[in-house]
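The next block holds one structure in the form of C-alpha cells; read it before the comments.
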Amino acid sequence: MASSSQTNVSKPGRRFRSSDKGRSRIGDITRQITLDGAISEERRLNRSRRGTIFLGIAAVAVAGAFAAALFGIPVRTYLGQDEAMAERTDQLTKLEAVNADLEAEVARLRTDDGIREAAREELGYVQQGEQRTSIVDNDVVPTVLPVGWPYDLVTGIVALRTNGPDTVVAPVASTGG
C-alpha cells in the first residue's frame, strides 16, 4: 500500500481574516439570532450612565464589606487581645501568690509541730497535763419574748439566770381562750 498525501476531509469554507485577530469565536454562537437568520446587535446590560455609576458604587460597597469581614474584624480582635492578656496575667499572678501561700502552709503542716497545732485548732486536741478552757463570747441575746405559754416559761428561766436564784419573778398570768 502506498502512502497518500491527500485526505478526503474537507476544510471549512470560511477563512478568517486578519481583522478577526483577538475576537472570540464563541461570540458568534452566543449572539441572538433573529427570525431572518441575521445576528442582532449586541445589547448593553445597562444603557444609562447613572445605572453604571450605581452598579460601580454597589460593587465598591460589597468589596468594602468583604474586606472588613476578612481583615477589619480580625485585626480589631487581635488588638483587643492585649487587654485580655494583661487581665489574665494579673489573675495568674494572684493565683500563683495564693498557691505559694498554700504550699507554705502544707509544708508547715507536714511537720510534727504543724500537726499538733492543726489538731488543737481543728479538733480541740489537748496534750497530757494540759487543761482545756473554752471561752465563748457572751453575745447579747434578746430576752423580750411574746406573752404566752412556752414563752412565759423561757422568760422565767432567763430571769433566774441573769438575776440569780434569790430573785423570784412571779409568772405573768396569761389569759387563755
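Side notes on the structure shown:
Yes/no matrix, rows are residues, columns are (1) in a loop (DSSP other than H, G, I, E, B); (2) out of contact with any helix residue (DSSP H, G or I) (no Cβ under 6 Å at 6 or more places or on another chain); (3) surrounded by 10 or more Cβ atoms within 10 Å (Cβ to Cβ); (4) on the phi > 0 side of the Ramachandran plot:
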position	(1), (2), (3), (4)
65	no, yes, yes, no
76	no, yes, yes, no
80	no, yes, yes, no
83	no, yes, no, no
88	no, yes, yes, no
106	no, yes, yes, no
113	no, yes, no, no
127	yes, yes, no, no
132	yes, yes, no, no
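- Yes/no for residue 112 being modelled with pLDDT of 90 or more and within 34 Å of the chain's Cα centre (by Cα): no
- Of residues in segment 138-162 being in a helix (DSSP H, G or I) and among the polar types (S, T, N, Q), the one modelled with the lowest pLDDT: 162
- Here residue 116 does not fit the description of being in contact with a Gly (Cβ under 8 Å, 6 or more places away or on another chain) and not acidic (Asp, Glu).
The values are calculated or read from the model by the stated rules, or taken from the named source; none is laboratory data. Model, not experiment: these values are computed from the prediction. Here the Cβ is made from the backbone with ideal geometry for all residues, glycine too, and neighbour counts use every protein chain on show.
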